Amino acid sequence: MDDWTVSELRPNVHRISFDGIAAGWEGWALLRSDAHHDSPHARRDLELEHLELARQRNAPVIDYGDLFDAMGGRYDPRKMDSVVRPEHRVDHYFDSLVDGAAEFYGPYADLFAVLGPGNHETAVLKQHSLNLTHSLARQLRQVAGRQDRAFVGGYSGYVLFHFQMQKTVRSTLRLKYHHGYGGNAPVTDGIIDAKRRAQVYPDAHIIATGHIHKAWVHPVAQERMTEAGVVRSDMQWHICTPGYKDGYGH
């Protein structure tokens, strides 16, 4: 199968449709957060490695926040030269962030399915009334030449992977994404929150979060009952994506 499409079912709920699936088909998606792309400490080489892999696998990209670092704004208390790349030390700071990101991600524009804001983007929106996520998504759609790409999601939302195997055979995999909150949980790595999310989002097959810059995959077993009274055991997968900002290697 050569292509997939994205549609918005309602705000912060999107569907990625794979049609014409045959026996032996395998699909991929790139789940990512916390790129902090404009930070001097961003691992752009690793970003490119993963985006190239997504290209090879025709994998839709779902980014759930802090794609921008954006700490060089006038009202950001963390502002200092060391957090701003030289090319962004200009009067039109936020414009340069969006234009720079659009240029970098341009070759992969048709792979971006859903982009959601993180706490860095929401801080800019609150302080400056600028929506960096919307601006980047608009440019990516223009570069891709497709309107079924680069939808803007929320800080939290759902992506439904819809698989059409035959005219009457279909299946859906439900992904819940949430940028995340709180500190970096140095002892538990945030896995305790996975137990809480399993109760709050029982209908998700996968729950993906970021924010705390940790990397792990954690399964949570759940017992469910069908309307016919059949008891079954399900496995819900919790994924924490660490991002691309490496403050230790610089």
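The values are calculated or read from the model by the stated rules, or taken from the named source; none is laboratory data. Since the structure is predicted, the reported quantities are computational estimates derived from the model, not experimental observations. Every residue, glycine as well, gets a Cβ built from its backbone with ideal geometry; the counts of neighbours run over all protein chains shown. Surface accessibility is based on the protein's heavy atoms, side chains included, excluding ligands, DNA and RNA. Shrake-Rupley method; radii C 1.70, N 1.55, O 1.52, S 1.80 Å.
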_Given the options LEU125, LEU130, name the one that is out of contact with any strand residue (DSSP E or B) (no Cβ under 7 Å at 6 or more places or on another chain) and farther than 19 Å from GLY210 by Cβ._
LEU130
*asked:* Condition (residue is in contact with a Gly (Cβ under 9 Å, 6 or more places away or on another chain) and part of a loop (DSSP other than H, G, I, E, B)) applied to the stretch 226-242: is it met by at least one residue?
replied: yes
*Tell me which residues, restricted to the stretch 232-243, are of a type outside the set (A, V, I, L, M, F, W, C) and open to solvent by less than 50 Å² (accessible area, probe 1.4 Å).*
ASP234, GLN236, HIS238, THR241, GLY243
*Say whether the condition of being open to solvent by less than 60 Å² (accessible area, probe 1.4 Å), part of a strand (DSSP E or B), farther than 25 Å from GLU103 by Cβ and not aromatic (Phe, Trp, Tyr) is met by at least one residue in the stretch 54-74.*
no
*Among the residues of the stretch 127-148, write down those that are over 19 Å from the mean Cα position of the chain (by Cα) and part of a helix (DSSP H, G or I).*
GLN127, HIS128, GLN142, VAL143
_Residue count, the stretch 149-183 (criterion: open to solvent by 30 Å² or more (accessible area, probe 1.4 Å), at pLDDT 95 or above and part of a loop (DSSP other than H, G, I, E, B))_ = 1
*Of the conditions (1) at pLDDT 95 or above; (2) open to solvent by less than 70 Å² (accessible area, probe 1.4 Å); (3) not basic (Lys, Arg), GLY27 fails just one. Which one is it?*
(1)
*Restricting the stretch 15-53 to residues that are part of a loop (DSSP other than H, G, I, E, B) and hydroxyl-bearing (Ser, Thr, Tyr), the residue that is farthest from GLY153 (Cα to Cα)*: SER39
*Check on ARG44, of a type in the set (Lys, Arg), open to solvent by 60 Å² or more (accessible area, probe 1.4 Å) and at pLDDT 95 or above*: no
_If ASP99 satisfies all but one of (1) within 24 Å of GLY154 (Cα to Cα); (2) open to solvent by less than 70 Å² (accessible area, probe 1.4 Å), what's the number of the condition it fails?_
(2)
*Residue, nearest to ASN119 (Cα to Cα), within the stretch 194-231, restricted to residues that are hydroxyl-bearing (Ser, Thr, Tyr) and open to solvent by 40 Å² or more (accessible area, probe 1.4 Å)*: TYR201
_Looking at the structure I just gave you, is ASP246 under 23 Å from the mean Cα position of the chain (by Cα), charged (D, E, K, R) and open to solvent by less than 60 Å² (accessible area, probe 1.4 Å)?_
yes
